[in-house]
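Read through the structure below, which is laid out as structure tokens, and then see the notes.
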Amino acid sequence: MSLFFGLIPDSAVSGIWAMVVASLLPLVMALTAKAIGGFNLADNAHPRDFLQRTTGAAARANAAQQNSYETLPIFLAAVLVAMLFFVPQLIINTIAWLYVLIRIGFCVAYITNLATFRSILWTLSMACSLMLFYLAIRVSM
């Protein structure tokens, strides 16, 4: 575990990069859904219709994209609130990057149809965001 902590710098830049990477995950999932589903240039006229017609792994990648958009605002707000209330930056960075790694695992689990594992990862990712809010509350008391 100390190896993981040694990889994460204690500057705010690391937390900001975690927010950027988390923000790009929905785009990566959309591109993955399109690639798996056989997206063509002709489909670009109505890309949402194309994604709604997909099945299997492509449909699951699209669902992972939608879920990523649903949880992203909570994560971004949690990181910003933790920074605003001066939670130690190394703790923020560690939890933020843990969230990103869990969300990547979540997307892989979604695409490969590991439903129970996916639900566990979703819960853990939400726990990361809630922990940041909790720490901000504790620091502000």
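So how do D49, D43 line up by other beta-carbon neighbours within 10 Å, fewest first?
Values: D49 9, D43 15.
Placing the least packed residue first, the sequence is D49, D43.
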Note to self: If N is the number of residues in region 11-140, what value comes out of its Cα radius of gyration divided by 2.2 N^0.38 Å?
What the structure shows: 1.17
Checklist line | Charge dipole magnitude, Cβ of K and R +1, D and E -1 - region 11-140, Cα centre, debye nearest 20 | finding: 120 debye
Next item on the list: Calculate how steeply helix 89-111 sits against the longest principal axis of the alpha-carbon atoms of the chain, using the helix alpha-carbon long axis, and give the answer as 0 to 90 degrees to the nearest 10.
Entry: 20 degrees
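For L98, L90, what's the fewest-to-most ordering of other Cβ within 10 Å of each Cβ? Don't jump to the answer; show the numbers that get you there.
Numbers: L98 18, L90 15.
Ascending Cβ contact count within 10 Å gives the list L90, L98.
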Next item on the list: Quick one: angle between helix 56-84 and the longest Cα principal axis of the chain, in degrees between 0 and 90, rounded to 10, please.
Entry: 20 degrees
Notebook entry, point to check: Say each of V13 and L27 gets a label point 7 Å from the Cα, pointing the same way as Cα to Cβ; how far apart are those two points in nm?
Noted result: 2.1 nm
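Just want the ordering: I92, I111, I137, I36, from fewest to most Cβ atoms lying within 10 Å of their own Cβ. Intermediate results must be reported in sequence, preceding the final value.
Working: I92 26, I111 22, I137 13, I36 17.
Least to most surrounded, the residues fall as I137, I36, I111, I92.
Taking 41 Å as R0, compute the FRET efficiency from the Cβ-Cβ separation of L90 and A115 and round it to 0.05. The partial results should precede the final answer.
Working: r = 34 Å, r/R0 = 0.84.
According to the calculation, E is roughly 0.75.
Every number here is computed from the coordinates shown, using simple stated rules; none is lab data. A quick note: this is a predicted structure, and the numbers were derived from the prediction, not measured. Reconstructed Cβ throughout: ideal geometry from the backbone, glycine too, with neighbour counts over all protein chains shown.
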